[in-house]
Amino acid sequence: MQSTRQAILEHLKKHGQATVDELADILGLTAVTVRHHLDILRSEALVADPVVRHRTSRGRPQYAFKLTERASAYFPKNYDSLAAKVLDELKTHSDGQLVNVIFEGVAARLSAEAPAPAPGEPLTARLDRAVAFLNDRGYVAHWEATADGYLLHTYNCPYESLSDRHPELCQMDMVLVGNLLGVVPQRVSRLADGAHSCAYLIRE
């Protein structure tokens, strides 16, 4: 992101809100320039429309700007590190069977967010819905028909930085795919092994 707009986001993150004049003073810019950058940030849905700030003295109303929820993506998060430590602790204090039960439970909770397959529904319709569900969650998925059945590919692993140390996440994804489709898939490749995709073979 352009440095001036990043500085505006950081100031709003620290102080909650600011007017054009306040940002101009802090950044050493003209009010016109600040408004230009704010207009761009508003068009990107990172800064909300201005609201009137109540004054303690008489004068023209002041308009203050705040960040939107979308702007939080521009500030570093430490989720991967936290998740890795939680998983390490879980595996240190639990036996392997309990860990597998926990991950299968997580997969069940994830798949419960998707519509259940209807009785007698064609497998291709279930595959379409599974791909849409996975894509909404960042998997970059698609399926194809082959001589052996259907191959469901996922080209992005949302847990890429964790899967090497915690293969249970790969098993969780396989359970998730099975729950979405109502059949047991066979994994034929993994991104963690250097393959181009995680691929699951589904037979009728």
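The values are calculated or read from the model by the stated rules, or taken from the named source; none is laboratory data. Computed from a predicted model, the values in this text were never measured in an experiment. Here the Cβ positions follow ideal geometry from the backbone for every residue, glycine too, while neighbour counts run over all protein chains shown.
Please go through segment 119-128 and give me each residue that is assigned to a loop (DSSP other than H, G, I, E, B) and surrounded by 11 or more Cβ atoms within 10 Å (Cβ to Cβ), ordered by number.
Glu121, Pro122 - these are the residues of segment 119-128 that are assigned to a loop (DSSP other than H, G, I, E, B) and surrounded by 11 or more Cβ atoms within 10 Å (Cβ to Cβ).
Is it true that some residue in segment 141-159 is part of a helix (DSSP H, G or I) and of a type outside the set (Phe, Trp, Tyr)?
Applying the first criterion (part of a helix (DSSP H, G or I)) to segment 141-159 yields none.
So far as segment 141-159 goes, no, none of its residues is part of a helix (DSSP H, G or I) and of a type outside the set (Phe, Trp, Tyr).
Any residue at all in segment 158-170 that is modelled with pLDDT of 90 or more, in contact with an Asp or Glu (Cβ under 9 Å, 6 or more places away or on another chain) and not charged (D, E, K, R)?
For segment 158-170, residues modelled with pLDDT of 90 or more, in contact with an Asp or Glu (Cβ under 9 Å, 6 or more places away or on another chain) and not charged (D, E, K, R): absent.
Against the definition (surrounded by fewer than 16 Cβ atoms within 10 Å (Cβ to Cβ) and over 30 Å from Ser163 (Cβ atoms)), how does Ala48 come out, yes or no?
So Ala48 fails the test.
Can you name every residue in segment 97-110 that is farther than 18 Å from Leu127 by Cα and either of a type outside the set (S, T, N, Q) or buried (at least 16 other Cβ atoms within 10 Å of the Cβ) (or both)?
Selection gives Leu98, Val99, Val101, Ile102, Phe103, Glu104, Gly105, Val106, Arg109.
What's the number of the only condition in (1) among the acidic types (Asp, Glu); (2) surrounded by fewer than 13 Cβ atoms within 10 Å (Cβ to Cβ); (3) not in a loop (DSSP other than H, G, I, E, B) that Glu113 fails to meet?
So Glu113 meets the others, but not (3).
For segment 70-84, state whether one or more residues are without any contact (Cβ under 8 Å) to a residue 60 or more places away in the chain, within 21 Å of Glu168 (Cα to Cα) and among the hydrophobic types (A, V, I, L, M, F, W, C).
Within segment 70-84, one or more residues are without any contact (Cβ under 8 Å) to a residue 60 or more places away in the chain, within 21 Å of Glu168 (Cα to Cα) and among the hydrophobic types (A, V, I, L, M, F, W, C).
Out of Val188, Val175, Val184, which single residue is part of a loop (DSSP other than H, G, I, E, B) and either out of contact with any Pro (no Cβ under 9 Å at 6 or more places or on another chain) or exposed (fewer than 14 other Cβ atoms within 10 Å of the Cβ) (or both)?
Answer to the check: Val184.
Just to check your reading of the model, which residue among Ala108, Ala84, Ala112, Ala64 is touching an Asp or Glu at 6+ places or on another chain (Cβ under 9 Å), farther than 16 Å from Gln6 by Cα and not charged (D, E, K, R)?
Among Ala108, Ala84, Ala112, Ala64, only Ala64 is touching an Asp or Glu at 6+ places or on another chain (Cβ under 9 Å), farther than 16 Å from Gln6 by Cα and not charged (D, E, K, R).
Looking only at segment 117-133, count how many residues are of a type outside the set (Val, Ile, Thr) and without any contact (Cβ under 8 Å) to a residue 40 or more places away in the chain.
Summing the residues that are of a type outside the set (Val, Ile, Thr) and without any contact (Cβ under 8 Å) to a residue 40 or more places away in the chain in segment 117-133 gives 8.
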